[in-house]
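Have a look at the structure below, then the notes.
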Amino acid sequence: MTQALELFDVTIIGGGPAGLYAAFYSGMRDLKTKLIEAREELGGRTLMYPEKIVWDVGGMAPARAAQLTKLMIQQAQTFDPTIVLGQQITGLERLADGTMRITSATGKQHWSQTLILAIGHGALKLAKLNLSGAENYEKENLHYTITELAIFRDKRVLISGGGDSAVDWANELVRIASSVTLVHRREHFNGLERNVRRMKASGVKVLTPYAITDLYGNGNRLDAVSIAPLNADGEWTDETVQERHAVDAVLINHGLRGDLGPIVDWGLAREDWNFNADEKLATNLPGVYVAGDTANYGSKLYLIAGAFTDAALAVNSAMLYIKPDAPTRAQVSSHHSKFDDKNRAFELVEERS
Ligand SMILES: Cc1cc2nc3c(=O)[nH]c(=O)nc-3n(C[C@H](O)[C@H](O)[C@H](O)COP(=O)(O)OP(=O)(O)OC[C@H]3O[C@@H](n4cnc5c(N)ncnc54)[C@H](O)[C@@H]3O)c2cc1C
């Protein structure tokens, strides 16, 4: 089926802090804006540490990352940009009139005059267990997420991981499973400290630094796994110290990993996994800009605060690409007529409270 061509001024790829702020600022500049995110939810890397308290975002009181994510999403929606979830952008093609056609892994197409790549370290995906044949066991009892807690009732569960998810699930599962063992490749846990303390006191058998080394089962269903202690470099060296654990279910919580995918073949100049940009956040491809952790330039600040600055700069550059005689930046929000109605609504809420 042919898709209706809807041309956007700016298409932002990536819905983390950089992409979300770019969507807001692009609205301030009256640009027809689309944001495309590979995952089914917005927030980027901040989704990896929802419970952590963030102190270093300017002008914001310390807040849990989950709260910051919520505020960034709310701000991004101020001027109603088109937001597309669940599409990893993989292809870029420039049409004869200069329009860019971008394609997602699922074959969906989008048309834009400019692009802002705010893709961090790539599309965030669940890190899989790196053992031969592991994917076969996903059919039955090797899990990466839990959708139904009840299936673990009275089961022997082994969890691998040391972040918030692993620790939180250990605390949940220990209440209903017949046993919970948690292995983590480091001594230190990244999960919230009070939850780690709770886990250690709750009857979960915690083994560190340990990793899963082998899987045993019929190809669909796991019966047991081998685990082994790791050395100071996080490596498993001594085969004689493997311990075999009978299991009914295994849960892997190794976090999210970035995947840049075919974007690395677009002809963008880069250093390792970051795309080179000048002080206007322009890449070597006309009309293609970068913002946030994916950008590489001399004074780049790999912080959320840096992502916000990059985003505004990239939007201003996109604006000048489309309209070279436009002002170089947006008027400040406190004096911007685009906020007149919104200011009145804000004042009404103030008066009522
Ligand atoms: C554990 C941890 C704690 C941190 N704590 C802090 C802190 O306290 N303060 C601070 O300032 N910073 C902190 N950071 C860093 C901060 O999270 C990053 O600097 C910030 O998230 C970068 O934002 P971004 O938008 O550039 O990239 P990301 O947050 O990585 O977002 C990129 C988004 O683009 C999407 N994407 C990628 N490729 C594609 C594609 N091809 N198609 C569609 N979508 C795509 C990804 O799925 C992702 O959602 C922390 C990071 C971590 C991991």
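Kindly check whether there is at least one residue in region 235-245 that is open to solvent by less than 60 Å² (accessible area, probe 1.4 Å), in the same structural domain as Lys155 (by TED's automatic domain parsing) and under 20 Å from Ile146 (Cα atoms). Within region 235-245, not a single residue is open to solvent by less than 60 Å² (accessible area, probe 1.4 Å), in the same structural domain as Lys155 (by TED's automatic domain parsing) and under 20 Å from Ile146 (Cα atoms). Please enumerate the residues belonging to region 150-169 that are open to solvent by less than 60 Å² (accessible area, probe 1.4 Å) and part of a loop (DSSP other than H, G, I, E, B). Gly161, Gly162, Gly163, listed by residue number. In region 263-290, which residues are in a loop (DSSP other than H, G, I, E, B), over 18 Å from Ile102 (Cα atoms) and either within 9 Å of the ligand (Cβ to nearest atom) or of a type outside the set (Phe, Trp, Tyr) (or both)? Ala269, Asp272, Ala277, Asp278, Glu279, Lys280, Leu281, listed by residue number. Leu256 fulfils the conditions (1) within 16 Å of the ligand (Cβ to nearest atom); (2) open to solvent by 60 Å² or more (accessible area, probe 1.4 Å); (3) closer than 30 Å to Gly19 by Cβ except for a single criterion, (2). Those strands (runs of 3 or more DSSP E) of region 3-85 in which at least 3 residues are within 14 Å of the ligand (Cβ to nearest atom), within 22 Å of Gly306 (Cα to Cα) and open to solvent by less than 30 Å² (accessible area, probe 1.4 Å), considering only elements entirely within it, cover 7-13, 33-36.
Scoring Ala65 on the criteria (1) over 27 Å from Asp272 (Cβ atoms); (2) touching a Lys or Arg at 6+ places or on another chain (Cβ under 7 Å) leaves a single failure, condition (1). A search for C-beta distances below 8 Å between a residue of region 327-350 that is closer than 26 Å to Leu313 by Cα and any residue that is modelled with pLDDT of 95 or more and of a type in the set (Asp, Glu), counting only pairs 6+ apart in sequence or on different chains, returns Lys338/Asp30.
Taken over region 177-196, the residue count meeting the criterion of being small (Gly, Ala, Ser) and under 22 Å from the mean Cα position of the chain (by Cα) is 1. Would you confirm, using the coordinates I've provided, whether Thr106 is open to solvent by 80 Å² or more (accessible area, probe 1.4 Å) and either more than 30 Å from Leu285 (Cα to Cα) or in contact with an Asp or Glu (Cβ under 6 Å, 6 or more places away or on another chain) (or both)? In short, no. Residues of region 313-347 that are open to solvent by 20 Å² or more (accessible area, probe 1.4 Å) and either touching an Asp or Glu at 6+ places or on another chain (Cβ under 7 Å) or within 16 Å of the ligand (Cβ to nearest atom) (or both): Leu313, Ile322.
Of all the numbered requirements in (1) outside the structural domain of Gly292 (by TED's automatic domain parsing); (2) open to solvent by 60 Å² or more (accessible area, probe 1.4 Å); (3) among the β-branched types (Val, Ile, Thr), Ile146 misses one, and that requirement is (2). For region 292-306, check the following and say yes or no: at least one residue is farther than 26 Å from Met60 by Cα and crowded, with 20+ Cβ neighbours inside 10 Å. No, every residue in region 292-306 fails to be farther than 26 Å from Met60 by Cα and crowded, with 20+ Cβ neighbours inside 10 Å. Annotation: of all residues in region 160-179 being of a type outside the set (Ser, Thr, Tyr) and in contact with a Lys or Arg (Cβ under 7 Å, 6 or more places away or on another chain), the one that is nearest to Met48 (Cα to Cα) is Gly162.
The values are calculated or read from the model by the stated rules, or taken from the named source; none is laboratory data. Only a predicted model underlies this, so the values are computations on that prediction, with no experimental measurement involved. Glycine gets a Cβ as well: all are built from the backbone with ideal geometry, and neighbour counts include every protein chain shown. Ligands, DNA and RNA are excluded from the accessible area calculation, which covers all protein heavy atoms including side chains. Shrake-Rupley method; radii C 1.70, N 1.55, O 1.52, S 1.80 Å.
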